[in-house]
Amino acid sequence: MIEFLRHSPLYPGLLKLYLTLHKTLIWFCWQIFSLCPVQKDKIVLSNFNGNGFGDNPRYIAEEILRQKLPYRLYWVSERPDPAFPGQLFLVRPNTPAFVYHMSTASVWIDNTRKLYYFKKKKNQTYIQVWHGGPGLKKIEKDAGNSLSAEYIEYAKKDAEKMDLMISNCRWCTECYRRCFWYDGPILEKGLPKNDLYFRDVPTIRRQVRRFYHLPEDVRLVLYVPTWRENRKLNVYHLDFEGCLQAFRQRFGGDWIMLVRLHPNVNPDDFDIRYNERILNASRYSNVQELLAAGDAVISDYSSCGFDYIQLGRPSFLYAEDYEEMKRTKDYYFQLEELPIPLAFSNEEMIRNILEFSEEKYQEARAPFMERLGYYDDGHASEAVVNYILEL
């Protein structure tokens, strides 16, 4: 409908009218469908409010299917995806069908805030699995004045309805208690998506390399930046060729870079010049498989940089806007506390790769991991499913 209206000279006014009517329709649907009884065998899962089959909800759904449990799984998605198992029912977000299934499901599983109106019943369970573990930049209440008043209002309402959060380390549990406006139970069993790190990693490594038609002995460095609320593009302009040359010089072997942008970012907005050594991995269906298959990672504020600390693989941070982010959101860790190097420019990034010391890295990561207190052991998905079974 919006695409149809876009061609009209009255587009701005018609769009505003359409959005108002749609919002009213959805609100009305919530009032009507909330009168319908809850169906105990129905679960609705959502990844970034309508994204593809991924992140923590994916591994919970796969565990339910693996155990052949008698649940009907509805996945909130804007569009079909070949990665979706045939047993899942797809429903578009913020449609009457979506409201009906949300109103009648016994369990909701989300990895981000519900940024829309919803009504939850007493006999419904809302499990918030979030989308990351420890990271560098502050989030939620800790981010202070960088949050809009509208978001804070949404977040408080969302937290009030949550029945469970999950945590993969002691540090995250403390963070959730402090800054998520949430005081309910926290399941300290790890992140479901991190279960993949404890499975058959050699098979996953071969699978990813075959997907990109790469030799099995090629080494992969992942560039996995997070997104910026200001949507600036220049901060992603890493010197890919320079980094690859540095990796070959420091670690030896043949290296390929996989560029994986954040789900909230449109990869078509960037003028990255991909070639046979620099590959576009933003369309790959499962970022966790890429991380499990990688040999090194470059990130900025994403928790995947901390995942590689846990895995003991080389991890590097690259953030040209470090000082700007420090002013607006601030950080949880000082630079000297991190076992991984952070670069503010491409020159520093290349130098950090060339001067990387495995011995110093391993010495620094042990006390850092002890400080964070990780719970991941490969059974987080199973723990969440067991919680559902006990309801």
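The values are calculated or read from the model by the stated rules, or taken from the named source; none is laboratory data. Here the structure is a predicted model, which means the values were calculated and not measured. Counting neighbours? That spans all protein chains shown, and the Cβs are built from the backbone with ideal geometry, glycine included. SASA here: full protein model, heavy atoms, side chains in, ligands and nucleic acids out. Shrake-Rupley method; radii C 1.70, N 1.55, O 1.52, S 1.80 Å.
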>> Which one, 378, 70, 162, is farthest towards the positive end of the dipole of the chain when Lys and Arg carry +1 and Asp and Glu -1 on their Cβ?
In response: 70
>> What are the extents of the Cα atoms of the range 137-259 along their three principal axes, in Å, largest first?
In response: 51, 37, 24
>> On the principal axes of its Cα set, how long, how wide and how thick is the range 258-391? Give whole Å, largest value first.
In response: 53, 38, 33
>> Below 18 Å, Cα to Cα, which lysines can residue 138 reach? Residues fewer than 8 away in the same chain don't count.
In response: 156, 326, 329
>> Could you compute how much accessible surface residue 106 exposes when probed at 1.4 Å, giving the result in Å² to the nearest 10?
In response: 20
> How large is log10 I(q)/I(0) at q = 0.14, 0.19 Å⁻¹ when the Debye formula is applied to the Cα atoms of the range 55-189, each weighted equally and without solvent?
Replying inline: -0.72, -1.26
>> Please report the carbon-and-sulfur percent of the accessible area for the chain; probe 1.4 Å, protein heavy atoms only, DNA, RNA and ligands left out.
In response: 53
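Can you give me the relative contact order of the chain as a percent, contacts being Cα pairs under 8 Å and 6 or more apart?
Details: 655 pairs, mean separation 69.3, N = 391.
It rounds to 18 percent for the chain.
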>> Leaving out ligands and nucleic acids, and using a 1.4 Å probe, what accessible area per residue does the chain come to in Å²?
In response: 47
> For residue 101, what is the net charge nearby, where nearby means another residue's Cβ is under 12 Å from its Cβ and Lys, Arg count +1, Asp, Glu -1?
Replying inline: +3
>> Highest mean first, how do 200-208, 218-226 rank when packing is the count of other Cβ atoms within 10 Å averaged over residues?
In response: 218-226, 200-208
>> How large is log10 of I(q)/I(0) for the range 81-155 at q = 0.12, 0.20, 0.25 Å⁻¹ when the intensity is taken from the Debye formula with one equal scatterer per alpha-carbon?
In response: -0.48, -1.08, -1.28
> GNM on the chain, C-alpha springs below 10 Å: top fluctuator among 371, 66, 199?
Replying inline: 66
>> For a quick check, take a GNM of the chain with Cα springs below 10 Å and name the residue from 260, 351, 58 with the largest mean-square fluctuation.
In response: 351
>> Pick from 17, 335, 261 the residue whose mean-square fluctuation is largest in a GNM of the chain, springs joining Cα atoms under 10 Å.
In response: 17
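Out of every Cα-Cα pair in the chain, what percent are more than 40 Å apart? Intermediate values should be presented prior to the final figure.
Details: 13127 of 76245 pairs.
Taking all Cα-Cα pairs of the chain, the fraction more than 40 Å apart is 17 percent.
Please state, to two decimals, what the Cα-based radius of gyration of the range 328-378 comes to when divided by 2.2 N^0.38 Å (N = residues).
On the way: Rg = 13.4 Å, N = 51, 2.2 N^0.38 = 9.8 Å.
The reported ratio for this selection is 1.37.
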